[in-house]
Amino acid sequence: MDQNETLFQRARALIPGGVNSPVRAFRAVGGTPRFVQRAEGAYFWDANGKRHIDYIGSWGPMILGHGHPRVLEAVLQAARDGFSFGAPTEREVELAEAIVRHLPAVEMVRLVSSGTEAAMSALRLARGATGRSKIIKFEGCYHGHADALLVKAGSGLATFGHPTSAGVPAEVVQHTLVLEYNNIAQIEEAFATHGRDIACLMIEPIAGNMNFVRASVPFMQRCRELCTAHGALLVFDEVMTGFRVGLGGAQAHYAGLIPGFKPDLTVLGKVIGGGMPLAAFGGPRAIMEQLAPLGPVYQAGTLSGNPVATACGLATLEAISQPGFYEALAQRTRSLVEGLSNAARETGVAFSADCEGGMFGFFLLPALPQNYPAVMKSDAPKFGRLFHGLLDRGVYIAPALYEAGFVSSAHSAADIEETVAAAREVFRTLG
């Protein structure tokens with residue numbers, strides 16, 4: 001009997017769709033979700049006891065792999081001391097110090113419990129600090145499920161977005177402009193038309209929710225220039241990329257390519273919690289001091305700075321800060337991407353891929369797309385066949401065409417070789 005199917009039937013009777021986050025339901029690829037029983041290193045075992053090489057890693061946080069000994073010990077010790085206090089702890093300060101030490105654009109930071117909460121709070125802070133209402137986001141970038149950010153593009157250049165979820169009134173997103181990623185002409189028009197009213201431009205510098213799409217250097221430079229010229233804040237959503245693509249996040253990558261570059265606000269999550277529910281947002285002191293209890297912008301959270309979560313995050317940051325960590329991680333990720341690309345080429349499958357640090361993405365397209373409309377040209381049925389072919393061979397990638405993948409320091413050369421060999425077998429069936 002398939003224990004995964006049995007659990008899924010039980011779950012669907014009590015949980016909408018049988019899952020607590022939609023992508024887990026396998027709706028995009030079909031079939032039965034894998035219910036994880038345990039995980040260790042680069043692997044997890046499902047309810048049937050089958051081992052899978054894991055390239056999701058809890059959607060990014062498990063940069064050290066599952067159950068890293070130093071992280072596990074830190075969590076166990078923190079749990080012994082107490083699960084939650086509703087009062088400040090020294091470890092909150094230590095985690096804030098670690099974040100600020102590695103991100104020059106961040107002078108102060110506020111800890112929260114999820115990426116959605118961090119993005120929502122950063123948006124409120126940007127509006128409060130500037131006294132403006134309008135915001136810019138980009139089609140294909142996901143910033144959590146706060147109402148003002150659940151929007152799709154309007155019907156033309158620099159038009160306002162429309163809700164993409166029931167329960168979000170049109171009035172809530174009337175101040176949200178949705179533009180095309182990597183389209184300089186659109187951001188110039190948006191600022192020319194609405195510049196005095198724009199509070200912030202929020203962007204994933206490397207978008208991980210239309211698979212893996214980089215902001216081009218000219219596009220990112222123009223975003224920075226226009227925000228500065230019009231008094232708007234540039235908000236980097238680094239929930240995925242923060243401490244994942246490098247110790248300084250994606251902002252360090254762009255700072256190395258654009259002299260003097262830095263965002264005004266940074267949204268963080270995933271890696272800074274090491275797998276526990278923890279996120280943060282931060283920026284210059286003058287902006288962050290607009291937050292309560294010092295300023296008029298209210299934000300609060302009962303479990304913010306949770307002592308077990310901060311222990312997990314701090315131990316993770318300490319481990320990834322060791323010399324050579326990111327060089328080795330990036331090399332391992334590149335070997336995966338190059339191996340997959342070679343296997344696709346050998347078997348005649350249209351394929352393109354990219355990576356940075358421990359984050360990667362691939363498309364069943366001959367060239368890397370630069371925006372969401374181009375991503376949408378991917379062959380979804382063919383991807384579904386690829387996904388299930390890999391799953392049958394014990395390789396677990398995202399069960400959706402539009403999600404990035406993640407490599408951990410626990411992935412070995414043998415894991416990469418096994419993955420590429422499995423992909424080559426599946427590619428031969430795709431034609």
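The values are calculated or read from the model by the stated rules, or taken from the named source; none is laboratory data. Please read these numbers as outputs of a predicted model, since none were measured by experiment. Methodologically, a virtual Cβ is constructed for each residue, glycine included, from the backbone with ideal geometry; neighbour enumeration extends over all protein chains shown.
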(message) Name the single residue that is modelled with the lowest pLDDT among those in the stretch 169-183 being β-branched (Val, Ile, Thr) and crowded, with 19+ Cβ neighbours inside 10 Å.
(response) 173
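I'd like the full set of residues that are surrounded by fewer than 18 Cβ atoms within 10 Å (Cβ to Cβ) and more than 28 Å from residue 406 (Cβ to Cβ), limited to the stretch 186-217.
We begin by selecting, within the stretch 186-217, every residue surrounded by fewer than 18 Cβ atoms within 10 Å (Cβ to Cβ); these are 188-189, 192-193, 195-197, 216-217.
Hits for the stretch 186-217 are 188, 189, 192, 193, 195, 196, 197.
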(request) Kindly list, by first and then second residue, each pair from a residue in the stretch 362-373 that is modelled with pLDDT under 95 to a residue that is among the charged types (D, E, K, R) and assigned to a loop (DSSP other than H, G, I, E, B), limited to pairs with Cβ atoms under 7 Å and residues at least 6 apart or on different chains. (result) 372/139
(request) Report, by residue number, each residue of the stretch 330-347 that is under 20 Å from residue 386 (Cα atoms), charged (D, E, K, R) and in contact (Cβ under 8 Å) with a residue 60 or more places away in the chain. (result) 346
(request) Sort through 164, 176 and tell me the only one that's without any contact (Cβ under 8 Å) to a residue 40 or more places away in the chain, closer than 16 Å to residue 137 by Cβ and either out of contact with any strand residue (DSSP E or B) (no Cβ under 9 Å at 6 or more places or on another chain) or of a type outside the set (A, V, I, L, M, F, W, C) (or both). (result) 164
(request) For the stretch 25-46, enumerate the residues that are crowded, with 18+ Cβ neighbours inside 10 Å and in contact (Cβ under 8 Å) with a residue 40 or more places away in the chain. (result) 26, 29, 33, 34, 41, 42, 44, 46
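Can you say whether residue 383 is at pLDDT 95 or above, of a type outside the set (A, V, I, L, M), within 30 Å of residue 48 (Cα to Cα) and in a strand (DSSP E or B), as far as the supplied structure shows? It would help to see each step written out before you state the result.
Working: at pLDDT 95 or above: yes; of a type outside the set (A, V, I, L, M): yes; within 30 Å of residue 48 (Cα to Cα): yes; in a strand (DSSP E or B): no.
In short, no.
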(request) May I ask you to list the residues in the stretch 203-244 that are within 18 Å of residue 272 (Cα to Cα) and in a loop (DSSP other than H, G, I, E, B)? (result) 204, 205, 208, 239, 240, 241, 242, 243, 244
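Table: residues versus (1) at pLDDT 95 or above; (2) within 27 Å of residue 253 (Cβ to Cβ); (3) crowded, with 21+ Cβ neighbours inside 10 Å; (4) not aliphatic (A, V, I, L, M).
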residue: 90; (1), (2), (3), (4): yes, no, no, yes
residue: 108; (1), (2), (3), (4): yes, yes, no, no
residue: 136; (1), (2), (3), (4): yes, yes, yes, no
residue: 167; (1), (2), (3), (4): no, no, no, yes
(request) Report the residue count in the stretch 33-92 for those that are among the β-branched types (Val, Ile, Thr), within 23 Å of residue 239 (Cα to Cα) and assigned to a loop (DSSP other than H, G, I, E, B). (result) 2
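Those residues that are in a loop (DSSP other than H, G, I, E, B) and closer than 29 Å to residue 311 by Cβ, I need them from the stretch 95-140; list them, please. Explain how you work it out, then say what you get.
Taking the stretch 95-140 first, the residues in a loop (DSSP other than H, G, I, E, B) are 103-107, 113-114, 131-133, 139-140.
Those that are in a loop (DSSP other than H, G, I, E, B) and closer than 29 Å to residue 311 by Cβ: 103, 104, 105, 106, 107, 113, 114.
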(request) Determine which single condition residue 333 fails, assuming it passes every other condition in (1) closer than 21 Å to residue 209 by Cα; (2) touching a Leu at 6+ places or on another chain (Cβ under 9 Å). (result) (2)
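Looking at the stretch 53-87, which of the residues that are under 25 Å from the mean Cα position of the chain (by Cα) and free of Cβ contacts under 8 Å to residues at least 12 places away in the same chain is surrounded by the fewest Cβ atoms within 10 Å (Cβ to Cβ)?
First pass over the stretch 53-87, keeping only residues under 25 Å from the mean Cα position of the chain (by Cα): 53-72, 74-75.
If we keep only those that are free of Cβ contacts under 8 Å to residues at least 12 places away in the same chain too, we end up with 69, 72.
Values: 69: 10, 72: 13.
Restricting to residues being under 25 Å from the mean Cα position of the chain (by Cα) and free of Cβ contacts under 8 Å to residues at least 12 places away in the same chain, the top hit is 69.
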(request) Could you tell me which numbered condition residue 327 fails, if it satisfies all but one of (1) free of Cβ contacts under 8 Å to residues at least 24 places away in the same chain; (2) surrounded by 15 or more Cβ atoms within 10 Å (Cβ to Cβ); (3) closer than 20 Å to residue 250 by Cβ? (result) (2)
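Go through the stretch 329-365 and give me each residue that's part of a loop (DSSP other than H, G, I, E, B) and either over 17 Å from the mean Cα position of the chain (by Cα) or among the basic types (Lys, Arg) (or both). Even if it seems obvious, please write down each step before you answer.
Step one: of the stretch 329-365, the residues part of a loop (DSSP other than H, G, I, E, B) are 348-351, 357-358, 364-365.
Passing the criteria: 348, 349, 350, 351, 364, 365.
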(request) Output the number of residues of the stretch 386-427 satisfying the condition of being of a type in the set (A, V, I, L, M) and in a strand (DSSP E or B). (result) 1
